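Shown next, in structure tokens, is the structure this report addresses.
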Amino acid sequence: MKKIIFTLILCLGLINTLSASYAAEDPVKIRAKERKAEIKAQRIQARAERKAQKAEIKALKKTYKKITKDVPIMRALELMKNSPASGAYEKITGNNPTLNPMKIKYKNLGEIKAEYRNYNAMPDIKRKEITINVNSKHKNAPYEAQSAVLAGMTSFVDKKESVNELVYSKTLEAFLWNYYLKKNPDLAKDKSPLTISENRNLKLYKAYPRNSKEIQKVVRKQRPDIKYVWESTGYTHREYTEKMRKVYEAYEATEAAYKKQNTVKYVPVLDLKEDNTAEVINTNPEKEYIKEHLRGDVKANPEIEEHFIHQASYENQGRCEICGCPIEGTAPAPNYENYEDEEY
């Protein structure tokens with residue numbers, strides 16, 4: 001009897017020892033538990049991300065409900081809002097001649113006209129509404145590329161077009177794309193048609209960043225209908241020169257900031273909050289005359305800042321055809337103190 005009891009006790013002890021040893025050394029069960037915990041954590045994180053994304057999209061739709069229904073366009077506008085081209089963002093949100101927010105949507109541009117099928121975007125301008133139609137094939141393009149295109153499109157606020165207006169549009173687009181590339185160089189590697197187009201336009205701009213000479217050549221070649229129409233509303237020679245100067249200064253600031261700090265810190269803001277409704281007080285009659293007579297249909301020499309002799313207009317012998325000043329002899333010499341010599 002004693003032997004039986006001793007044997008049972010011995011067996012139980014052996015079983016307990018083996019069980020503990022097996023449980024401690026079983027790697028399969030350990031990995032299974034760890035994997036289960038990892039999957040649970042991933043599900044919790046994914047659920048939280050989906051919730052945050054839904055909240056973000058809801059907020060974007062509330063902000064841009066009067067402008068667009070497309071989330072990619074909303075994200076592109078958010079990028080523009082926090083960029084040096086925030087002035088273009090202001091135009092989209094209502095600071096334009098219509099005093100209404102612009103409408104933005106994706107559209108098959110080939111449906112408008114067959115020759116428009118490869119355009120990146122086109123404006124549709126009416127008296128109280130401006131719509132920007134983005135080529136539907138660019139829906140999946142990087143938000144930064146879409147943002148650059150939209151910024152360029154804000155240059156068009158009426159139906160009159162000119163070389164100055166188109167050149168400035170493509171210049172602003174190139175500048176903003178360059179700004180985004182400084183922040184994220186990998187964007188240039190994207191193979192979408194819009195990114196390829198932006199890279200090509202930026203290459204043209206960088207050839208002559210001060211005056212966009214190469215972009216001007218392309219514009220005049222592609223648009224023979226306005227090849228000699230230099231000015232339009234908001235893009236008289238003086239206005240155009242000032243706008244281009246600001247873009248060039250912002251471009252130089254971007255390049256300098258990147259070279260010194262490898263990051264973009266301060267870049268001048270372009271055309272921020274242009275007030276289209278402000279009342280003009282103490283107006284200068286001379287400036288008002290020039291503003292009135294330099295219309296969008298004027299065909300003139302684009303280099304107004306470099307003329308040294310006034311040229312009489314055929315219709316008005318008392319005014320210079322180029323700058324609109326009264327003809328009293330020699331024109332004032334141009335001021336180059338803000339510019340440095342540049343070799344091309």
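The values are calculated or read from the model by the stated rules, or taken from the named source; none is laboratory data. Model, not experiment: these values are computed from the prediction. Please note: Cβ atoms are built from the backbone with ideal geometry, for glycine as well, and neighbour counts cover all protein chains shown. Calculation scope for accessible area: heavy atoms of the full protein, side chains included, ligands and nucleic acids excluded. Shrake-Rupley method; radii C 1.70, N 1.55, O 1.52, S 1.80 Å.
Probe radius 1.4 Å, ligands and nucleic acids ignored: give me the carbon and sulfur share of the accessible area of the stretch 187-239 as a rounded percent.
Values: 1590 of 2930 Å².
Answer for the stretch 187-239 is 54 percent, counting heavy atoms of protein chains only.
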Residue-ordered couplings for the stretch 66-74, obtained by feeding phi - 60° into the Karplus form 6.51 cos²θ - 1.76 cosθ + 1.60 and rounding to whole Hz (Gly and Pro as x), are 8, 10, 7, 10, 9, 4, x, 5, 4
Compute the accessible area per residue over the stretch 104-147, keeping the other protein chains in place, probe 1.4 Å, unit Å².
56 Å²
Karplus-derived HN-Hα couplings along the stretch 220-229 (A = 6.51, B = -1.76, C = 1.60, θ = phi - 60°), whole Hz, x at Gly and Pro
5, 6, 7, 10, x, 5, 10, 3, 10, 9
Per principal axis, descending, Cα span of the stretch 22-125 in whole Å:
80, 32, 24
Linear extension gain, Asp124 paired with Lys81, 0.36 nm per residue minus alpha-carbon span
13.2 nm
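Roughly how many Å² is the accessible area per residue of the stretch 155-233, as a whole number, for a 1.4 Å probe? Don't skip to the end; give the middle numbers.
Numbers: 3670 Å² over 79 residues.
For the stretch 155-233, the solvent-accessible area averages 46 Å² per residue.
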Name the residues whose placed amide hydrogens come within less than 5 Å of the amide hydrogen of Ile130, ignoring near sequence neighbours (fewer than 5 apart) on the same chain.
Lys103
P(r), alpha carbons of the stretch 98-142 - 5 Å bins starting at zero, rounded %
6, 23, 28, 20, 14, 8, 1
Regarding the stretch 120-248, what are the three Cα extents along the principal axes, ordered largest first, in Å?
38, 33, 25
On a 27 Å Cα-Cα criterion, which of the cross-link pairs Lys103/Lys170; Lys40/Lys183; Lys58/Lys139; Lys170/Lys191; Lys107/Lys160; Lys206/Lys243 come out too long?
Lys40/Lys183
Simple spin-label estimate for Ala256 and Asn100 in nanometres, 7 Å along Cα-Cβ
4.3 nm
Under the 7 Å Cα-to-Cβ spin-label approximation, Lys113 and Glu56 lie apart by a distance in nanometres of 3.9 nm
